[in-house]
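Right, one structure below, let's go through it.
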Amino acid sequence: MHNQEPIPDVLAHVAANLRRLRRERGLSQIALAEASGISRRLIIGVESGEANVSLASLDKLANALEVGFVDLVTEPGRTGPHIDTVAWCGAPGSAARLLSAVPARAEAQLWIWELAPGDRYLAEPDPPGWHEMIFVIKGTLTVKTESATTILGANDFTVFSTSQSYSYHNDGPDPVRFVKNVVN
């Protein structure tokens, strides 16, 4: 949800869901800020639909509210596993679309990503217990973690713990498209 012009639908979903969930739990914006480590100013901006927020910050807000990330980005009132919401945009031609989520120990997410040539996504570490499973559909994806660099071509996959800094890179001349499962 950051790095390019805001995506109005998902920002509206996040604004409505964050405000509703915070109120349902009887939390003030100050209390949510303290519980999540996110500034009150950003929370106010997100709830008004005017601020763009990182995926990592959404995870922190979801954890503080004791809900899943999906509960914040899904269209209010939507039921079932089909989500299909753009949740991140990078350079033109790069986007992450959250397709689906199902319960796991805590949560599992299914994403489809596209990275334009030369683009990258830098991620902050998740809490212990989170993992990603990546399957490349087309192009060449480089996945860098603190312990390894893995280059994946079409029909290759990798699985790694996300409790470390990691990133995706498209160093090639063609777009890369991959499926990502996030599991806890």
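The C-beta contact set for the stretch 106-119 (first residue surrounded by 19 or more Cβ atoms within 10 Å (Cβ to Cβ), second residue among the β-branched types (Val, Ile, Thr) and not in a strand (DSSP E or B), distance under 9 angstrom, 6+ apart or interchain) comprises GLN109/VAL70. On the basis of being over 23 Å from ALA56 (Cβ atoms) and in contact (Cβ under 8 Å) with a residue 60 or more places away in the chain, does PRO175 make the cut? When the stated conditions are applied, PRO175 passes them.
If you go through the stretch 68-106 and keep only what is at positive phi and part of a loop (DSSP other than H, G, I, E, B), you end up with GLY77, GLY80, GLY93. If you go through the stretch 166-177 and pick out every residue that is outside any loop (DSSP other than H, G, I, E, B), farther than 21 Å from GLU146 by Cα and not basic (Lys, Arg), you end up with 1. Selection within the stretch 154-165: residues that are in a strand (DSSP E or B) and of a type outside the set (Ser, Thr, Tyr). The member of this set that is nearest to GLU114 (Cα to Cα) is PHE157. Scanning the stretch 67-93 for residues that are of a type in the set (Ser, Thr, Tyr) and in contact (Cβ under 8 Å) with a residue 40 or more places away in the chain gives THR74, THR85. So, of the residues in the stretch 15-67 that are assigned to a loop (DSSP other than H, G, I, E, B) and among the acidic types (Asp, Glu), which turns out to be modelled with the lowest pLDDT? The selected residue is GLU50. SER94 meets each of the listed conditions (1) surrounded by 19 or more Cβ atoms within 10 Å (Cβ to Cβ); (2) modelled with pLDDT of 95 or more; (3) small (Gly, Ala, Ser) apart from (2).
Of the residues making up the stretch 137-155, those that are more than 15 Å from SER167 (Cα to Cα) and either modelled with pLDDT of 95 or more or surrounded by 16 or more Cβ atoms within 10 Å (Cβ to Cβ) (or both) are ILE137, LYS138, GLY139, GLY153, ALA154.
The values are calculated or read from the model by the stated rules, or taken from the named source; none is laboratory data. Keep in mind that what you see is a predicted model, and the values were worked out from it rather than measured. Here the Cβ is made from the backbone with ideal geometry for all residues, glycine too, and neighbour counts use every protein chain on show.
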